[in-house]
1. Could you state the number of Å between the C-alpha centres of region 103-132 and region 207-269?
2. Rounded to the nearest angstrom and ordered from largest down, what semi-axes does the equivalent ellipsoid of region 148-264 get from its C-alpha gyration tensor (root of 5λ)?
3. Going out from 0 in 10 Å bins, what whole percent of all Cα-Cα distances in region 55-192 drops into each bin?
4. Modelling each spin label as a point 7 Å along the Cα-to-Cβ direction, I'd like the D52/K184 distance in nm, to one decimal.
5. Over the Cα atoms of region 269-326, what radius of gyration and what Dmax do you get, in Å?
6. Could you grab the relative contact order for region 252-312? Cα pairs under 8 Å, six or more apart, rounded to a whole percent.
7. Non-local amide H neighbours of G150 (under 5 Å, H modeled in plane, Pro and chain starts lacking H): which ones?
8. If you take all C-alpha pairs in region 73-127, what percent of them are over 13 Å apart?
Amino acid sequence: MKLCTFEITGDFGSIERLGLVTPQEKILDLNSAYALTLAERDDHPRAQTIADAVMPSNMIEYLRNEKHGPKAVNEVLAYLGDRADNPNLRGIKGECLVRSLDAVRLLAPLPRPPSIRDTLSFLDHLKNSLPEGMDVPPIYREIPAIYYKGNCASVQGPETDIVWPDYTEQLDYELEFAAVIGRKGTNIVKEEAWDYIAGYTVFNDVSARDIQLREMGGMLGPTKGKDMDTGNVFGPFLVTADEFDPRKDNTMVARVNGEEWSRGSTNMMDHDFSAIINYVSQFETLYPGDIIGSGTVPTGCGIELKKFIKPGDVVELEVQGLGILRNRIVKP
């Protein structure tokens, strides 16, 4: 399934809703669709109340319901059938249930995730970024998840502007994707780790390279090299784990103003998500909605290519099976 968070405007302003991308590329409002299913199929007098509990409009709350959410989605699809693509379908309150993609504003699948951890699991990305002749430090091969924690308040979605901070001269895109945790867990063993992933999304880890390189000389993590408004960009969808396997050869491509700059594959990861989740969860609980980035695919950013984006550029990051994340770079 392709899930999304979309925004609509109502009598009291803009509100966020949980959506499903249908076979005909429409957006089905899952909360209202489940309420309709309960009302019509079961003649349930408290259909909306149950829908709000089982199929909430918030992605994180949906993930917290674990297996009950996907089960309800399957009920909706089985009951509605072809009606799930019908733009004239109305809910129990007369509300519109099916919208075209161009009629809604897609937000990041998780507009405010509980946490963001971005790993470095493609080691050739690091090698390409280091001075010529320098090899990847052995620690990166020994530890499967060396990562920094991102600012959850800086998350943006597709088609939004990435604002160029006035303190950097070298803003960079990073071609990544991310796993979203779907179950609470601690000390997760590798053999079970894949079962803790709800799905995947495209990730642009925007970086101020000149500032990042200077900061990391202090032997801590990046600070203003990574932490900036609009600096963590996700979307357009959350594709469930039953439909996407990063161990397969899923092509990753970055385009700037339509010109291809970067190309790689998800299966180039040196440390896969089972090893990453096993390491991250040691004596630390992971929660539904937590985001873990893959790190940048080799050649997947400007610092590797020795060329950088500029204000006005449109950056498109595409991961086969996950969609295209498109944003414009703007400088106030």
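1. Answer, in whole Å: 4.
2. Working: eigenvalues 148, 75, 37 Å².
Whole-Å semi-axes of the equivalent ellipsoid: 27, 19, 14.
3. 8, 24, 30, 21, 12, 4, 0
4. 2.3 nm
5. 15.5, 44
6. On the way: 42 pairs, mean separation 22.9, N = 61.
Once divided by the residue count of region 252-312, the mean separation gives 38 percent.
7. I116, R117, D118
8. Numbers: 1138 of 1485 pairs.
When all Cα pairs of region 73-127 are counted, 77 percent exceed 13 Å.
Bear in mind these aren't lab numbers, they're just calculated from the coordinates by the rules spelled out. All values reported here derive from a predicted model rather than from experimental measurement. We place every Cβ from the backbone using ideal geometry, glycine too, and count neighbours over all the protein chains shown.
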